[in-house]
Amino acid sequence: MARIRVTDKIEELPKAVKVLLFLFPLTGWVLSSFYRFFRYSETREIVTLVVGVIGLVSGIGIIFGWADALSEMKHNKATFFVD
């Protein structure tokens, strides 16, 4: 049986929902940080973890959420320091 990953569930959401979640300051801040934590658990890319921690503990996570919203619109997935 295939393992269901949290990142796959987030990526399965409709594009408009993901963009709106990333654009709102609180949800974008939390979602972008935790998305990077879950992606780190899959890829073990240390930059992904560091950006997730920096985004969570500082206000910069809101900007990461906006960057993720832009990459969702262009590439249909979060690409800013994710892999």
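We did not get these values from a lab; they are worked out from the coordinates using the rules stated. Being a predicted model, the structure only gives us computed values, none of them experimental. All Cβ positions, even for glycine, are placed from backbone atoms using ideal geometry, and neighbour counts span all protein chains on display.
Using a/c under 1.5 as the rounded threshold, could you call the chain rounded, prolate or oblate? The axes a ≥ b ≥ c are square roots of the C-alpha gyration tensor eigenvalues, and prolate needs a/b larger than b/c, oblate otherwise. Cα axes put the chain in the oblate bin.
Any idea how far apart residue 80 and residue 41 come out in nm if each label point goes 7 Å out from Cα toward Cβ? Between residue 80 and residue 41, the simple spin-label model gives 2.4 nm. Backbone geometry of the range 73-83 corresponds, through the Karplus equation with coefficients 6.51, -1.76 and 1.60 at θ = phi - 60°, to 3J(HN,Hα) couplings of 5, 8, 10, 6, 6, 6, 10, 6, 6, 9, 10 Hz, x marking Gly and Pro. Computed 3J(HN,Hα) for the range 48-56, one whole-Hz value per residue from the Karplus formula 6.51 cos²θ - 1.76 cosθ + 1.60 where θ = phi - 60°, is 4, 5, 4, 5, x, 5, 4, x, 6, glycine and proline marked x. Computed from the C-beta positions of residue 9 and residue 50 and an R0 of 35 Å, the FRET efficiency is 0.90 to the nearest 0.05. When exposed loop sites are taken as trypsin sites (Lys or Arg not before Pro) in a DSSP loop with at most 11 other Cβ atoms within 10 Å, the longest stretch of the chain clear of them is 4-43.
Full extension of the chain between residue 24 and residue 70 yields a length gain of 15.3 nm, computed as 0.36 nm times the residue separation minus the alpha carbon distance.
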